[in-house]
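Novice: Just dropping this structure here.
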Amino acid sequence: MPLRVVISAGEVSGDQHLGRVVESLRRLRPDAEVRGMGGPGCRAAGAELVVDCYKSGTAMGFLEIFRSLRGIFSSFSSMRGLIRQWKPQLVILVDYPDFNLRLAKVAREEGAKVLYYIPPKVWAWRSGRVERIRERVDHVATIFPFEAPWFRERGYQPVSYVGHPLTDQVREPGGPGQRGGDLLFMPGSRKFEIERMLVPMLKAFQRFRRERPGLRATVMLADNMSEAWARDQAAAAVSAETLQAIDWKKGHGIEEMRKARAAILKSGTCNLEGAIAGLPFVCVYSGTLLAKMIVSTFVRLKEYSPVNVMKPGTVRELIRVKHDEEELERELSRIYEEGPVRQKMIEDLGQVRDELFSFQHSTGDMDTVAGRVADLAAQLGAAQGRGAA
């Protein structure tokens, strides 16, 4: 009997991570049929997309979600219909918690097993969601070493630490390459992030190069972002001379990180890439005033960068409603010039990198994160198939 699998990834990074899992799963179970929500990564791995997450209006951020509600409701309706009509044995969820926890309830009602890869950050806020996970999720696959003990301490036992997916992409830590003197900017993968963070980044660069006229910078854009649109945002904010000193690139930024001397990075997974590359950086984020009030009230974390979650105090975080280019320039100067601040950050980033690559196999002999998740998925699917029989 073929293994029917529904997948759900609501964002760019989730699509990339889940695509590698689907590829590994189809090697383990050539009979697997995979359908659901994802993007190019999942489609390239052989999944049939019912919802394209790049086009469906999925979003992040409180007001951004309200603006995208029609697309989100439509996506959920399509996914709910797929589960109810196709009757999969297994549903694999990746991140995107509010959407996916509701989808997990549908899956459980229809008798499917549920594997949650990259679960909600319940250790940071809304820890009560552990109860929903207990009721709706058969197994959790975590990507940070501290997450599995956290779940177990709260009575949720079916949890495995599988390692961080970045280690699949890089495979060897490597560390910094041949450093140049240029800067790197990564403003995010969503339109509102570009709108809020690209301009202050480039204004800070314009100020920073006044005393360094030969300095250049690279802006890394996500694959789903229009370079022409981003360039228009930049052209309205900085001089033509500054624009000529900027290179625009897409794709994974790890190699660019290994060449740059310093960076400003949007808070997120790219911070861990910076740690792997040994790149000193400033972590930034910009949301609405409402979002900032909600986060400051309900989120237990004092630091938000994944790097600082693993090793507190490693990088400077600037979480602002509106970024000030003078402040960004000052922070760049602290990590650009040789000195104790830059050296300590490089040492701390090295410790984070070492921890990311210190994984000890705990779910079989699969040698990649995607393979370990696929192994868990295959085991759950087989168990469900036996139960149905």
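Novice: Would you be able to say whether some residue in segment 100-115 is over 20 Å from A374 (Cα atoms) and modelled with pLDDT under 90?
Specialist: Within segment 100-115 (the criterion being over 20 Å from A374 (Cα atoms) and modelled with pLDDT under 90), the answer is no, since none of the residues qualifies.
Novice: Please find, within segment 1-11, the residue that is farthest from R29 (Cα to Cα) out of those that are among the aliphatic types (A, V, I, L, M) and crowded, with 21+ Cβ neighbours inside 10 Å.
Specialist: Among residues in segment 1-11 that are among the aliphatic types (A, V, I, L, M) and crowded, with 21+ Cβ neighbours inside 10 Å, the one farthest from R29 (Cα to Cα) is A9.
Novice: Another question about this same structure. So, in segment 109-137, of the ones that are in contact with an Asp or Glu (Cβ under 9 Å, 6 or more places away or on another chain) and among the aromatic types (F, W, Y), which residue ends up surrounded by the fewest Cβ atoms within 10 Å (Cβ to Cβ)?
Specialist: Applying the filter and picking the extreme gives W123.
Novice: If T297 satisfies all but one of (1) over 23 Å from K344 (Cα atoms); (2) of a type outside the set (F, W, Y); (3) modelled with pLDDT of 90 or more, what's the number of the condition it fails?
Specialist: The single condition T297 does not satisfy is (3).
Novice: On to the next question. Any residue in segment 67-84 that's at pLDDT 90 or above: show its pairings with residues that are surrounded by 13 or more Cβ atoms within 10 Å (Cβ to Cβ) and aromatic (F, W, Y) at Cβ separation under 8 Å, as long as the two are six or more apart or on different chains.
Specialist: Within 8 Å, the pairs are S75/F99; F76/F99.
Novice: Would you confirm, using the coordinates I've provided, whether V140 is assigned to a loop (DSSP other than H, G, I, E, B), buried (at least 16 other Cβ atoms within 10 Å of the Cβ) and of a type in the set (A, V, I, L, M)?
Specialist: Answer is no for this residue.
Novice: Go through segment 217-256 and give me each residue that's among the acidic types (D, E) and under 24 Å from L279 (Cβ atoms).
Specialist: D223, E227, D247, E255, E256
Novice: A further question follows. Can you name every residue in segment 1-42 that is without any contact (Cβ under 8 Å) to a residue 24 or more places away in the chain and part of a helix (DSSP H, G or I)?
Specialist: Scanning segment 1-42 gives a single hit, R26.
Novice: If you don't mind, another one. Looking at V106 and the list (1) over 24 Å from Q16 (Cα atoms); (2) buried (at least 20 other Cβ atoms within 10 Å of the Cβ); (3) of a type outside the set (S, T, Y); (4) touching a Leu at 6+ places or on another chain (Cβ under 7 Å), which single condition is not satisfied?
Specialist: Result: V106 fails condition (4) only.
Novice: Can we say A44 is small (G, A, S), farther than 17 Å from E147 by Cβ and modelled with pLDDT of 95 or more?
Specialist: Answer is yes for this residue.
Novice: Return the total of residues in segment 303-340 being touching a Leu at 6+ places or on another chain (Cβ under 6 Å) and either small (G, A, S) or closer than 14 Å to P280 by Cα (or both).
Specialist: So the count comes out to 0.
The values are calculated or read from the model by the stated rules, or taken from the named source; none is laboratory data. This is a predicted model, so every value here is computed, not measured. All Cβ positions, glycine included, derive from the backbone under ideal geometry; neighbour counts span all protein chains shown.
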